[in-house]
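Notes follow the structure.
The values are calculated or read from the model by the stated rules, or taken from the named source; none is laboratory data. Bear in mind that the values here come from a model prediction, so they are computed numbers and not experimental data. Because the Cβ atoms are built from the backbone with ideal geometry, glycine has one as well, and the counts that use them run over all protein chains shown. These area figures cover heavy atoms from the full protein model, side chains too; ligands, DNA and RNA do not enter into them. Shrake-Rupley method; radii C 1.70, N 1.55, O 1.52, S 1.80 Å.
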Amino acid sequence: MRRLMMLLLVGLLANQLLIAQGYSKKNYQTTRIQGEVPKLDGNLMETVWETATWEGGFLQHEPQEGKAASQQTTFAVVYDDNFLYIAIKAYDNNPDSIVQRMTRRDAIDGDQVGIQFDSYFDKRTAFTFLVSAAGVKHDFLMSNDGDSEDLTWDPIWWVKTAKNAEGWTAEMKIPFTQLRFGKADEQTWGLQIARQLFRKNELSTWQPISREASGWVSQLGTINGLKIKPQKQFDITPYATSSLETYPEEEGNPYADGSGWGLNAGVDGKIGITNNFTLDFTINPDFGQVEADPSEVNLTAYESFFSEQRPFFIEGRNILSYPLMFGDGDLAAESLFYSRRIGRKPRYYPDLLDDEYMKMPKFTSILGAAKITGKTPNGWSIGILESVTSEEKAKITNTSQEREEVVEPLTNYFVARLQRDWNKGNTIIGGVLTSVNRNIETESLEFMPDAAYTGGFDFSQYFKDKAYFFKFNTYWSNIKGSPLAISEAQRSPARYFQRPDAEHLEIDETLTSLSGSGGNIQIGKTSGKLKFMFSGSMKSPSLEVNDIGYLQTVDDIMQIFWVGYRVYKPFSIFRNFNINFNQWSGWDFGGTHTYLGGNINAHTEFKNYWNFSFGTNINGNQTSNGTLRGGESIRLPGGKNVWVYLESNNQKKFAVSGNVSFYGSSMESYSKSQYASLGLTYRPISTLSISLSPDYNKSKKELQYIDQLDYNNSTRYVFGSLEQKVVGMSIRINYNITPYLSIQYWGQPFIAAGSYSDFKHITNPHADEYSNRFAVYTPNQISLDADNNEYAIDENLDTHEDYRFYNPEFNFREFLSNMVLKWEYAPGSTLYLVWSQSRNEYIENGAFDLQSDLSNLFDVEARNVFLIKFSYRIGIN
């Protein structure tokens, strides 16, 4: 692998790389409306459009870059004091082939047109407004010169479309309050108009942009003639909800009588502090319409990462983002700010007596949150978030007396992000600061830090029209609290300072603070057909960001090399093709080489619009510092994974995709798995989409952690061989009656079963022979106590029990579903009708029987939530 990497590197450095030739920049001159404004019906019959300046000359961006578009497109832009008006004519010599698919907002399908404005004119940010031929909106905020897209940005704007004998048309009305720009006698903005011809999967643009160029926003054309004053946004949206929850009644439990009513109210708002800066706030927010997290069984010591789905926190999140690593794989989740920390489930669970019942809050209530985002005329991008969550108490009763225990303290969260770009966006510096402060007044919560702070600095420099880059970031953390809290941090799965063989780590039970740091460096090339990146990163053992960020492990020094080759123009049976090679290696701060691996993958789209991908991962032998969960490190065999993905033409009414993956370790008995998934989508009519996504995973693992127990003044690390089977399916039905009225259903049955055998304990984790690293309990040493569902161990065979551990076998069944009727009866004003249902059951049995498990799952009594949410926007357009 290293030899292959060096050959690629030498070839890369020896090759004279050609930077893609850029296209000449276009300019559009707009005019102010004199007289009647457009009616906004999509027909473009008003006088203003007859006198407006129309431009065309669109060229293909995909698939045949630089060639004339298959169908002509023209556009015009006019304005008045408050609005931009855009007209787009999408000519089509075969109007019957125009695809009009009714979908929900931001999930548009079929033929599309759109416009982008770089109103900051910073060459990095573009406000994007798209519409499908069916009249469905899609809007997003593009940042970092096209590297990031905030799909949750939902501005207030209007659009109508119409179909005619010459093709179809779109007419837009965009308030200046929804854009950000500074004061000037005449504005100059970046501009792009684009069209997607669905049946040919062809993207054409007014301003041509090379696919080999680095960046997107920096390549836009310009628009002049805008003589306007900056305007401030003002939107206040109060809401009210009413809910009914039904669930299985629990005899004797006064907190579980089978039903409960709820009323709630709050307010959301967007207020322009200046035209460049907006204050978003929410008071007592409600997210009852948001889907539940997907089901999973996590047998690791590490916390799972779940995507943010709450509207307030996902809109504008790119501004506050500070990733610790790079890329879009597993490392991409690591960040100094993970918004799911705000409003999380309470972390303290009180002990109960045998005759007690408890009512536990499901989540921490968010009293309020506010964020300020924007960009100054001299290039400073600023994002600030402040949120306060309430003190949460659990109610506990034995039916005669009731008491309360605090399970989560009153907490303040703060995030500030600052960036500045200059030199036409080629030089960027930035910083970030976060804080978490908890009001801990009870001894039971002293395992949490009182305060946690993180900060960072980042720098990016681009060269030769952004073809090459150098990036650097660094970050630090500091937590303060009781000796218990800091001890818990040292012993947590991210660190395991208690590892007996880690000479560079040491537990200090007296500490009341803990500080750490990290960072990474990247050098690479992002333009042309041949791209590459070298990167190195480090995370010190004491780094702790999980009070407001997300990070699984530290004590890591990583090196990565990536090279990729792109073929953009169609050839033979291919529309495009790319291939990538990755190599990585890692060490801990004690100098131990912990892992080594590589990956080769390729992706292509065929001329029949099918897609195909495949790849293989090869991992060398590794030294795991976390497998024994605080014990010594252990040597584990490497392995390889092969995967294949195939997707049919999604232009058809019926589309299918499939993915299969196989993994096997170098020691066959250590680990192997097979995974398969299928995606089926059927669109019987333009307003209805039905999707089924079943998946199946079968795995065997010889060393699955179970427990650690005291034995003869030492610790026994108990493991077992696990055979696990997981079946799940995601069901989605979207019925979009109009662009503003839709019914969406999501459901997920999920079954996971784990059967254990060959229980063992670790003997010599660094033995040369894999089989000498553990000892399997003989039938004379282990016996099942069926009454207590525990295994008793007589390790020295003296007929006396030495220790015991629980029977880890499991069968987990869960069904989650969510049905939402959404009606945007006016721009920014919405009515939701929601029905959510959940069923789950956990039994201590590892048997897997799909038919029986499904039957038993739907025999479980359901928990239902019925909710009505009404919001009304009060604003200035």
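Can you tell me which of T205, T169 is of a type in the set (S, T, N, Q) and touching a His at 6+ places or on another chain (Cβ under 6 Å)?
Numbers: T169 fails: touching a His at 6+ places or on another chain (Cβ under 6 Å).
Among T205, T169, only T205 is of a type in the set (S, T, N, Q) and touching a His at 6+ places or on another chain (Cβ under 6 Å).
Would you check if there is a residue in the stretch 54-66 being in contact with a Leu (Cβ under 7 Å, 6 or more places away or on another chain), at pLDDT below 95 and surrounded by fewer than 18 Cβ atoms within 10 Å (Cβ to Cβ)? Yes, the stretch 54-66 contains a residue that is in contact with a Leu (Cβ under 7 Å, 6 or more places away or on another chain), at pLDDT below 95 and surrounded by fewer than 18 Cβ atoms within 10 Å (Cβ to Cβ).
Considering A847, A862, A826, the condition of being under 30 Å from Y740 (Cα atoms) and out of contact with any Gly (no Cβ under 6 Å at 6 or more places or on another chain) is satisfied by A826 alone. Scanning the stretch 805-846 for residues that are part of a strand (DSSP E or B), under 24 Å from G720 (Cβ atoms) and either open to solvent by less than 40 Å² (accessible area, probe 1.4 Å) or free of Cβ contacts under 8 Å to residues at least 40 places away in the same chain (or both) returns F805, F810, N811, F812, R813, E814, E841, Y842, I843.
Scanning the stretch 86-101 for residues that are open to solvent by less than 30 Å² (accessible area, probe 1.4 Å) and outside any strand (DSSP E or B) turns up D92, P95, I98.
The sole residue among I782, I762, I706, I751 that is crowded, with 16+ Cβ neighbours inside 10 Å, under 30 Å from Q837 (Cβ atoms) and of a type in the set (A, V, I, L, M, F, W, C) is I751. Residue check: P323 meets all listed conditions (1) open to solvent by 30 Å² or more (accessible area, probe 1.4 Å); (2) out of contact with any Ser or Thr (no Cβ under 8 Å at 6 or more places or on another chain); (3) free of Cβ contacts under 8 Å to residues at least 24 places away in the same chain but one, namely (2). Listed by first and then second residue, the pairs linking a residue in the stretch 292-309 that is without any contact (Cβ under 8 Å) to a residue 12 or more places away in the chain to a residue that is open to solvent by 50 Å² or more (accessible area, probe 1.4 Å), with Cβ atoms under 6 Å apart and 6 or more places separating them unless they lie on different chains, are S304/N298. Of all residues in the stretch 165-183, those being open to solvent by 70 Å² or more (accessible area, probe 1.4 Å) and either assigned to a strand (DSSP E or B) or hydrophobic (A, V, I, L, M, F, W, C) (or both) number 1. I'd like the full set of residues that are open to solvent by 60 Å² or more (accessible area, probe 1.4 Å), within 21 Å of S665 (Cα to Cα) and not aromatic (F, W, Y), limited to the stretch 585-618. H593, I600, I618 - these are the residues of the stretch 585-618 that are open to solvent by 60 Å² or more (accessible area, probe 1.4 Å), within 21 Å of S665 (Cα to Cα) and not aromatic (F, W, Y). One residue stands out in the stretch 847-877 among those that are within 21 Å of D695 (Cβ to Cβ) and hydroxyl-bearing (S, T, Y): the one that is surrounded by the fewest Cβ atoms within 10 Å (Cβ to Cβ), namely S855. Candidates E334, E308: the one that is of a type in the set (D, E, K, R), surrounded by 19 or more Cβ atoms within 10 Å (Cβ to Cβ) and either at pLDDT below 90 or on the phi < 0 side of the Ramachandran plot (or both) is E334.
Taken together, the residues in the stretch 438-487 that are open to solvent by 20 Å² or more (accessible area, probe 1.4 Å), among the hydroxyl-bearing types (S, T, Y) and outside any strand (DSSP E or B) amount to 3.
All conditions but one from (1) charged (D, E, K, R); (2) in a loop (DSSP other than H, G, I, E, B); (3) open to solvent by 30 Å² or more (accessible area, probe 1.4 Å) apply to R340; the one that does not is (2).
Filter the stretch 1-28 for residues that are modelled with pLDDT of 50 or more and surrounded by 12 or more Cβ atoms within 10 Å (Cβ to Cβ); which is nearest to N164 (Cα to Cα)? Explain how you work it out, then say what you get.
To start, the set of residues in the stretch 1-28 that are modelled with pLDDT of 50 or more comprises 22-28.
If we keep only those that are surrounded by 12 or more Cβ atoms within 10 Å (Cβ to Cβ) too, we end up with 22-23, 25-28.
Details: G22: 36, Y23: 33, K25: 32, K26: 29, N27: 29, Y28: 26 Å.
Residue satisfying both the conditions and the ranking: Y28.
Remark: Q192 falls outside the filter, which requires a residue to be over 27 Å from R101 (Cβ atoms), touching a residue at least 12 places away in the same chain (Cβ under 8 Å) and not hydrophobic (A, V, I, L, M, F, W, C). Evaluation of A676 against the conditions (1) open to solvent by 30 Å² or more (accessible area, probe 1.4 Å); (2) of a type in the set (A, V, I, L, M, F, W, C); (3) over 29 Å from V99 (Cβ atoms); (4) more than 24 Å from the chain's Cα centre (by Cα) shows that the sole unmet condition is (4). Consider the stretch 793-804 and keep the residues that are without any contact (Cβ under 8 Å) to a residue 12 or more places away in the chain and of a type outside the set (S, T, Y). The one that is most open to solvent (accessible area, probe 1.4 Å) is H800. Can you give me the number of residues within the stretch 129-159 that are assigned to a strand (DSSP E or B), open to solvent by less than 20 Å² (accessible area, probe 1.4 Å) and closer than 25 Å to Q744 by Cα? Selection size over the stretch 129-159: 8.
One residue stands out in the stretch 254-286 among those that are assigned to a loop (DSSP other than H, G, I, E, B) and in contact with a Phe, Trp or Tyr (Cβ under 8 Å, 6 or more places away or on another chain): the one that is nearest to W835 (Cα to Cα), namely D286. Is it fair to say K371 is part of a loop (DSSP other than H, G, I, E, B), touching a Ser or Thr at 6+ places or on another chain (Cβ under 9 Å), of a type in the set (D, E, K, R) and open to solvent by less than 20 Å² (accessible area, probe 1.4 Å)? When the stated conditions are applied, K371 does not pass them.
Is it fair to say F326 is among the aromatic types (F, W, Y) and either over 30 Å from Q178 (Cβ atoms) or modelled with pLDDT of 90 or more (or both)? Don't jump to the end; show me each part of the working.
Details: among the aromatic types (F, W, Y): yes; either over 30 Å from Q178 (Cβ atoms) or modelled with pLDDT of 90 or more (or both): yes.
So F326 passes the test.
Residue count for the stretch 401-415, restricted to those that are assigned to a strand (DSSP E or B) and farther than 25 Å from P254 by Cα: 6.
Would you say A165 is out of contact with any helix residue (DSSP H, G or I) (no Cβ under 6 Å at 6 or more places or on another chain) and within 21 Å of D111 (Cα to Cα)? Explain how you work it out, then say what you get.
On the way: out of contact with any helix residue (DSSP H, G or I) (no Cβ under 6 Å at 6 or more places or on another chain): yes; within 21 Å of D111 (Cα to Cα): yes.
Taking the combined requirement at face value, the residue satisfies it.
The residues of the stretch 192-244 that are small (G, A, S), buried (at least 18 other Cβ atoms within 10 Å of the Cβ) and over 27 Å from T53 (Cα atoms), listed by number, are A213, S214, G215, S243.
Taking (1) within 31 Å of the chain's Cα centre (by Cα); (2) polar (S, T, N, Q); (3) surrounded by fewer than 16 Cβ atoms within 10 Å (Cβ to Cβ) in turn, S714 satisfies each apart from (1).
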